[in-house]
Amino acid sequence: MSIFDDAIKFAVDAHSGMTRKGCNSPYILHPMEVASIVGTITDDAEVLAAAVLHDTVEDTDTTIDDIKKVFGERVAELVSSETENKRPDIPPSESWQIRKKESLEELENSSDIAVKILWLADKLSNMRSFYEIWKDKGDALWQGFNQSDPAKQAWYYRTVDKLLKGLEKHEAYKEYHRLVEAVFSNVK
């Protein structure tokens with residue numbers, strides 16, 4: 001079996017029973033979509049594995065050490081680049097801005113193209129979901145999130161857009177940019 005096959009099994013087990021925020025679909029569909037998007041840009045098996053695993057540390061009991069032991073240093077580093085420090089001692093709505101600033105710094109300071117590809121795929125998957133909900137609910141979409149202010153959400157996703165400009169030749173980036181512009185069209 002390949003590292004990617006192993007990552008799929010690991011992620012399915014880790015996310016078992018979870019559903020996606022804002023909808024009731026099985027959570028595993030998000031990491032699988034992220035891997036699918038990554039696959040349009042690279043066939044690097046470690047990046048594909050990291051795509052499937054990208055939320056396991058942030059959203060399950062899995063640790064970076066678990067990822068490192070099973071999948072190696074590089075996959076663990078890629079997963080870590082997408083993992084926020086959730087600060088369990090602070091309510092998520094209060095830590096949101098801090099977490100987003102730290103994650104943007106991680107992206108901005110990385111020279112690893114694989115990190116940028118992984119970020120693009122994750123955020124594109126998010127924006128696809130947001131766009132579908134936004135078409136029906138408008139800015140009320142954000143009411144179910146830790147940060148309900150559309151302007152702050154716009155700041156985050158527009159900043160990601162700017163930091164990923166180097167991937168602008170890829171269709172995934174073009175789609176991400178279009179969706180950010182659509183969802184935040186009324187937000188200054």
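Every read-out reported here was derived from the displayed coordinates using simple, explicitly stated rules and does not represent laboratory data. Since this is a predicted model, take the numbers as computed values, not measurements. Here the Cβ positions follow ideal geometry from the backbone for every residue, glycine too, while neighbour counts run over all protein chains shown.
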Across the range 108-153, what is the total count of residues that are outside any helix (DSSP H, G or I) and either in contact (Cβ under 8 Å) with a residue 12 or more places away in the chain or among the small types (Gly, Ala, Ser) (or both)? 7
Per-region count, the range 61-100, residues part of a helix (DSSP H, G or I), surrounded by 13 or more Cβ atoms within 10 Å (Cβ to Cβ) and out of contact with any Phe, Trp or Tyr (no Cβ under 6 Å at 6 or more places or on another chain): 20
Complete set of residues in the range 39-60 that are of a type in the set (Asp, Glu) and either surrounded by fewer than 21 Cβ atoms within 10 Å (Cβ to Cβ) or within 11 Å of residue 117 (Cβ to Cβ) (or both): 43, 44, 46, 58, 59
Based on this model, can you work out whether residue 116 counts as more than 22 Å from residue 18 (Cβ to Cβ), out of contact with any strand residue (DSSP E or B) (no Cβ under 7 Å at 6 or more places or on another chain), surrounded by 14 or more Cβ atoms within 10 Å (Cβ to Cβ) and among the basic types (Lys, Arg)? yes
Any residue in the range 159-176 that is in contact with a Leu (Cβ under 6 Å, 6 or more places away or on another chain), assigned to a loop (DSSP other than H, G, I, E, B) and not β-branched (Val, Ile, Thr)? yes
Those residues of the range 56-91 which are within 17 Å of the chain's Cα centre (by Cα) and farther than 23 Å from residue 46 by Cβ, in sequence order: 85, 86
Kindly provide the set of residues from the range 16-54 that are of a type in the set (D, E, K, R) and either farther than 14 Å from residue 126 by Cβ or in contact with a Cys (Cβ under 8 Å, 6 or more places away or on another chain) (or both), ordered by number. 43, 44, 46
Say we look at the range 20-34 and pick out the residues that are in contact (Cβ under 8 Å) with a residue 60 or more places away in the chain and assigned to a helix (DSSP H, G or I); which of these is nearest to residue 49 (Cα to Cα)? 34
